[in-house]
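Below is one structure, written out as structure tokens; comments come after it.
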Amino acid sequence: MSGTNTNSKSGRDDIAIIQSCLSCSETSARRLSESLTSRSYAHRDIIAHMGDPSTHLFLVAEGAVVAELFGVDGQQAQLTRHGPGEVFGAFPEESSFRSGFSASGATRLLAVPTNKLVEMVSRDTELAAGIANLMARQLDLLLDRMAARIGLSATGRFYRALLQAADGNGMIRPAPVLAAMAVSVHTTRETASRALAALFRRGIVERQEDALKIVSRRMLEELIV
Amino acid sequence: MQTDALKQILALARAGATSRAWEAFKASGLDRADADASALTLKGRLLKDQARHAPAHLRPALFALAGEAYEHAARPGAETYPLINAAAMALHAGERERSVELAGKVLHLIESGQEKGETPYWGEATRAEALLLLNRIEDARSSLAYAVSLAPQAWEDHAATLRQFDLILSELGEEDSWLDSFRPAPAMHFNGILGIAADDKAASNAIAAEVRAIAPGFAYGALAAGADIIAAEAAVLVGAELHVVLPSDPHDFRKTSVEPLGEDWPQRFDSLLEIADTLIICDKAESTSAAGVALAELHAMGLALERASQLQAQAVALRIEPADRPVLGDPWLQSGMPTRHVAVLANTKSVVPQLPAGELKFDIATDDTAVTSFGSLEDCVQALRKSGSVRMAIDCRLGETVHVKALLPHSAYGMVAASRSAALGLLASGLASRIETIGEMAFPEGPVELCLAKLSEPPG
């Protein structure tokens, strides 16, 4: 590992991010967060070189990570890009990085040691199911890329998540942690924040004490593109 | 599945593909879904669009059919939205009595408290429309003012009402200039030279005065040291939303286009980025280049034009340049929208950094040919028109990776599938009349938003 990254303990928002991405209880998320480190990188910082030992699983919390390979002709080629809510690294066994990884834009990763994660999922079925779902969603994303399939825009995904979080009366209680909901739909907190502000502005959603209320389900549905 | 089909058809209709949307509606069997309120509402919308584009003698019948579909969509608890549309359609179909009858019913539903409207704005705006259809114009005006006061920034909703009011007033043969007071402030695209001294009061004052005269509600542009930053600061001071479009990562852009121009600029750049409503980075993978700057400008111009069109507002370009600099080559000139100029003197002491040239390429794909690359959007569109192909796609890029072939399957008859950057470029250059986002595609380099673009009619 190299670059000008800074490490810190994960914070309260990170528990919400884990809970949202793994669809698990707060207790499980809190347990996992105790083994997490938050790592921040500036644009183009190297996260790992090809061949470095890979001993952690990383969840992209902000920004994006680019995987690059050098071909036989010495040309650098982008293999893939992991955005918010995607994982990369080693699981279920430690290994080595198959390509170089660098940050694209200001990037924050949540890192958990592979061995620790394996031990936790063997005891916590919620975490195990959450990791399996996360991996399955990522496989879907990969297949979408290969099939050049068209999906919802980032704003559309966020609006769909809001609708799914609402009960029959259109209430979302407690109000979602925006950063967490954003990561779970593979977008940034800024995009989610702007999308929600547009709904408040038009009166489609209103803020209530510790809750959000969907005022017009039809208008919100129409915005899911 | 039906919701997905409805959405796809609605996207076609919004993009202006009126005939294609109707064909898709019929092909999916939705035209026979007599008990589905969503399908009936869409049917009304599609028939209304057809009526607007039909020869005069066919319009009344099509408007009448649209009204019929809207009336069937009305159901207990959700009657006002389809019924007010049915009332408007009856007016356009020449059935004035029926229109008055339906408008009266809508007014009763709202004023008796049986229906409140989907949002507070729509409740009151629907009441205003009913009053207008009843030819109570002063009451309608007061009611619309009250509706706007309930959601003063619901610009998209105000725009929908204004479009509807325009048509109704025209049908009634009434004066419509009073609607202008409800239109949002203009969307402004700004750009200008880099070499202005940070303490050049004359330039700053002239730019600020022009921005105050335009009074933009929305400002789009980059933040290079000099004219851009001064214009953006002035726009923020008059209360405009600031939408920053950069060619590369802010860190790169700051190094190449802000820091070399003097020590006062970086802090002003940072402050503006901090308060910007949105930040769009055209290509994070590439370093700042002249080609990247050109792409970012096209993108920002397209955004300003798109916003103005969506909100029924005016679009204005602000150009800040030495008086003797020719304006030839500014794509905005093709948009037909006004340009305001501020003449400034370049600071001879500042060293304007030379950016690497880079290369901006526009790719097209059709069913019949391999991918072809061009240096300009005009050439792309000319080649697409010549091809006569049913499916067409267009993309732009600064790097080597070509994606355009993957966009092609999402093209619809007569509509070009375009990456959002390319679609905004088409709009900025006057080569597309409408664009509509239809979703997102994932590529190894990152997601790309996909649009359908309706090409403008060729000149002549």
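Select the helices (runs of 4 or more DSSP H) contained entirely in segment B:1-77, then report the ones holding at least 1 residues which are within 14 Å of B:A90 (Cα to Cα) and more than 23 Å from the chain's Cα centre (by Cα).
On the way: elements: B:2-14, B:18-27, B:37-53, B:59-73.
Counting at least 1 such residues, we get B:37-53, B:59-73.
State whether the residues of segment B:278-292 include one that is without any contact (Cβ under 8 Å) to a residue 40 or more places away in the chain, over 22 Å from B:L360 (Cβ atoms) and under 17 Å from the mean Cα position of the chain (by Cα).
yes
With the structure loaded, tell me whether B:P250 is crowded, with 19+ Cβ neighbours inside 10 Å and touching a residue at least 60 places away in the same chain (Cβ under 8 Å) or whether it fails that test. Lay out the reasoning, then the answer.
Working: crowded, with 19+ Cβ neighbours inside 10 Å: yes; touching a residue at least 60 places away in the same chain (Cβ under 8 Å): no.
So B:P250 does not fit the description; no.
Looking only at strands (runs of 3 or more DSSP E) that lie completely in segment B:165-284, which have at least 3 residues being of a type in the set (V, I, T) and within 14 Å of chain A (Cβ to nearest Cβ)?
B:278-281
Across segment B:97-136, what is the total count of residues that are within 14 Å of chain A (Cβ to nearest Cβ) and polar (S, T, N, Q)?
Number of matching residues: 2.
The rows are residues; the columns are (1) buried (at least 17 other Cβ atoms within 10 Å of the Cβ); (2) without any contact (Cβ under 8 Å) to a residue 24 or more places away in the chain; (3) away from chain A (no Cβ under 13 Å); (4) not hydrophobic (A, V, I, L, M, F, W, C).
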| residue | (1), (2), (3), (4) |
| --- | --- |
| B:W22 | yes, no, yes, no |
| B:F25 | yes, yes, yes, no |
| B:R45 | yes, no, no, yes |
| B:A61 | no, no, yes, no |
| B:H72 | yes, no, yes, yes |
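Residue check: is B:I275 over 18 Å from the mean Cα position of the chain (by Cα) and surrounded by 22 or more Cβ atoms within 10 Å (Cβ to Cβ)?
Criteria not met by B:I275.
For segment B:370-460, list the helices (runs of 4 or more DSSP H) that sit wholly inside it and hold at least 1 residues that are farther than 30 Å from A:L139 by Cβ; which are they?
Hits in segment B:370-460: B:377-387, B:420-428.
When you go through (1) outside the structural domain of B:A234 (by TED's automatic domain parsing); (2) part of a strand (DSSP E or B) one by one for B:V351, which number turns out not to apply?
Only one criterion in (1) outside the structural domain of B:A234 (by TED's automatic domain parsing); (2) part of a strand (DSSP E or B) is unmet by B:V351, namely (2).
Which pairs have Cβ atoms under 7 Å, sit 6 or more apart or on different chains, and link a residue in segment A:171-192 that is free of Cβ contacts under 8 Å to residues at least 40 places away in the same chain to one that is in a helix (DSSP H, G or I) and charged (D, E, K, R)?
A:L178/A:R189
Mind checking which residues of segment B:126-145 are surrounded by fewer than 16 Cβ atoms within 10 Å (Cβ to Cβ) and closer than 29 Å to B:E306 by Cβ?
B:A145
Could you check how many residues of segment A:146-190 are small (G, A, S), within 14 Å of chain B (Cβ to nearest Cβ) and outside any helix (DSSP H, G or I)?
Selection size over segment A:146-190: 4.
For segment B:401-420, which residues satisfy the criterion of being facing another protein chain (nearest Cβ under 9 Å) and among the β-branched types (V, I, T)?
Hit for segment B:401-420 is B:T401, nothing else.
Considering (1) more than 17 Å from A:A16 (Cβ to Cβ); (2) within 14 Å of another protein chain (Cβ to nearest Cβ); (3) buried (at least 17 other Cβ atoms within 10 Å of the Cβ), say which one A:V121 fails and leave the rest.
Exception for A:V121: condition (2).
So, B:C396, is that one over 24 Å from B:D249 (Cα atoms) and buried (at least 18 other Cβ atoms within 10 Å of the Cβ) or not? Quick ask: steps written out before the conclusion?
Values: over 24 Å from B:D249 (Cα atoms): no; buried (at least 18 other Cβ atoms within 10 Å of the Cβ): yes.
Here the answer is no, as B:C396 does not meet what is asked.
If the requirement is being more than 9 Å from every other protein chain (Cβ to nearest Cβ) and in contact with a helix residue (DSSP H, G or I) (Cβ under 9 Å, 6 or more places away or on another chain), which of these qualifies: B:A442, B:A423? Spell out how you get there, then give the answer.
On the way: B:A442 fails: more than 9 Å from every other protein chain (Cβ to nearest Cβ).
Testing whether each residue is more than 9 Å from every other protein chain (Cβ to nearest Cβ) and in contact with a helix residue (DSSP H, G or I) (Cβ under 9 Å, 6 or more places away or on another chain) leaves just B:A423.
Could you say which residue among A:L199, A:L143 is within 12 Å of chain B (Cβ to nearest Cβ), outside any loop (DSSP other than H, G, I, E, B), out of contact with any Ser or Thr (no Cβ under 8 Å at 6 or more places or on another chain) and surrounded by 20 or more Cβ atoms within 10 Å (Cβ to Cβ)?
Values: A:L143 fails: surrounded by 20 or more Cβ atoms within 10 Å (Cβ to Cβ).
Just a single option satisfies the conditions, and that option is A:L199.
If you go through segment B:158-201 one residue at a time, how many are more than 28 Å from B:G123 (Cβ to Cβ), surrounded by fewer than 22 Cβ atoms within 10 Å (Cβ to Cβ) and in contact (Cβ under 8 Å) with a residue 60 or more places away in the chain?
Within segment B:158-201, residues that are more than 28 Å from B:G123 (Cβ to Cβ), surrounded by fewer than 22 Cβ atoms within 10 Å (Cβ to Cβ) and in contact (Cβ under 8 Å) with a residue 60 or more places away in the chain number 7.
Each row is one residue, and each column tells you yes or no for (1) of a type in the set (A, V, I, L, M, F, W, C); (2) surrounded by 14 or more Cβ atoms within 10 Å (Cβ to Cβ); (3) closer than 18 Å to B:L426 by Cβ.
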position: B:L355; (1), (2), (3): yes, yes, no
position: B:D363; (1), (2), (3): no, yes, yes
position: B:D368; (1), (2), (3): no, no, no
position: B:F374; (1), (2), (3): yes, yes, yes
position: B:L377; (1), (2), (3): yes, yes, yes
position: B:C380; (1), (2), (3): yes, yes, yes
position: B:R385; (1), (2), (3): no, no, yes
position: B:S389; (1), (2), (3): no, yes, yes
position: B:M392; (1), (2), (3): yes, yes, yes
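Which numbered condition trips up B:L30, out of (1) within 14 Å of chain A (Cβ to nearest Cβ); (2) farther than 21 Å from B:A417 by Cα?
Among (1) within 14 Å of chain A (Cβ to nearest Cβ); (2) farther than 21 Å from B:A417 by Cα, the lone unmet condition for B:L30 is (1).
The values are calculated or read from the model by the stated rules, or taken from the named source; none is laboratory data. In this text, all values refer to a predicted model and were calculated from it rather than measured experimentally. Note that we place each Cβ from the backbone using ideal geometry, even for glycine, and neighbour counts take in every protein chain shown.
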